[in-house]
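Okay, structure first, notes after.
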Amino acid sequence: MKRPHYPIVAVEEVANRLSGAKSFTSLDACSGYWQLPIDDESSELLTFNTLWERCRFTRLRFGISPAPEIYQRELDRLFEGVPVEIIVDQFLIRGKDQLEVDDKLRRVLDNSREVGLEKIRAINEIPPPEDKEGVVRILGAVNYLDKFIKHKAYKNPYCNLPKKMQHLFSKKHNKKPSTI
């Protein structure tokens, strides 16, 4: 895996482009490096041993020296022409008002779906819980996403289950996460 010597965007560089903006939205590409596949030759170089087997990474990983440049280059390519500033794994969307920011945010999210960087499918495919661990899994996903869900307590039926009764489920609570 060769270092591509691609320029990393500096915070000061982005700050200079923010003049005139009054509204902002920031997105975090959680574990962004893991979103990018690597070629077989590079994957071979990232082989490691465990007590039980030999494994290799098939996705870009943190800690290898060319990762920041590879990641920045790929995101610049994937989001070319999309109104977003990308600093490492932070996406900054700016505008003169909230309507402009919302319009740009839609474009960023649409582009993310097109290039396969969004996790919406994974959330929609979470199986309905069948036991206490399932409830914990759903609550973990909902708590992670709660900042994006208005009136979360009203939309999440699992929050209303008493702890002593988590093993009892009715059809009313057996909904896919996309309907919560």
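The values are calculated or read from the model by the stated rules, or taken from the named source; none is laboratory data. On a predicted model such as this, the values are computed, not experimentally measured, just so you know. With ideal geometry, Cβ positions are generated from the backbone for all residues, glycine too; neighbour counts draw on all protein chains shown. Please note that ligands, DNA and RNA were not included when accessible areas were found on the heavy atoms of the full protein model with its side chains. Shrake-Rupley method; radii C 1.70, N 1.55, O 1.52, S 1.80 Å.
Some observations on this one:
- Shown here for the stretch 39-94: GluC sites (Glu not before Pro) in loop regions (DSSP other than H, G, I, E, B) with at most 14 other Cβ atoms within 10 Å, namely 53, 80.
- All distinct Cα pairs of the stretch 20-67 go into the 1/r average, and the inverse of that average, the Kirkwood radius, is 13.1 Å.
- Diffusion coefficient, µm² s⁻¹, Stokes-Einstein with Kirkwood Rh over alpha-carbon pairs of the stretch 1-128 at 25 °C and 0.890 mPa s: 148 µm²/s
- Amide hydrogen neighbours beyond the local backbone of residue 87, cut-off 5 Å, H modeled: 92
- Listed residues 52, 34 arranged by accessible area, highest first, probe 1.4 Å: 52, 34
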